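Visitor: One structure, pasted below without further comment.
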Amino acid sequence: MLDPRLGLFELNANGLAFQPSRFSYLVPNHLETFHKFGILVGKAMKENWLLELNLTKSFLKHMLGALLY
């Protein structure tokens, strides 16, 4: 799902973390896919599962509903 070739995510400027792609709207059902991704990450956090994901801080904060600064 994080593979940039699928069009949903892209690497950030320094190439170390993933963020939603600015072209994800071109992928059919992209909103539904992002919603399912959020459910999966939320379930993993609730169950204390280890997910080896490098997501940008701004994306994580957005998913958690936290303030950016």
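Visitor: Have a look at L51, L16 and point out the one that is touching a helix residue (DSSP H, G or I) at 6+ places or on another chain (Cβ under 6 Å), at pLDDT below 95 and in a loop (DSSP other than H, G, I, E, B).
Guide: L51
Visitor: Might you check whether a residue that is at pLDDT 90 or above and among the polar types (S, T, N, Q) occurs anywhere in segment 58-69?
Guide: No, segment 58-69 contains no residue that is at pLDDT 90 or above and among the polar types (S, T, N, Q).
Visitor: Turning to a different aspect of this structure: Can you run down the residue pairs with Cβ atoms below 9 Å, 6 or more apart or on separate chains, where the first is in segment 10-30 and open to solvent by 40 Å² or more (accessible area, probe 1.4 Å) and the partner is of a type in the set (A, V, I, L, M) and outside any loop (DSSP other than H, G, I, E, B)?
Guide: F18/L11; F18/L55; Q19/L11; Q19/L55; Y25/L31
The values are calculated or read from the model by the stated rules, or taken from the named source; none is laboratory data. All values reported here derive from a predicted model rather than from experimental measurement. When we count neighbours, we look across all protein chains shown, and the Cβ atoms used for this are built from the backbone with ideal geometry, even at glycine. SASA here: full protein model, heavy atoms, side chains in, ligands and nucleic acids out. Shrake-Rupley method; radii C 1.70, N 1.55, O 1.52, S 1.80 Å.
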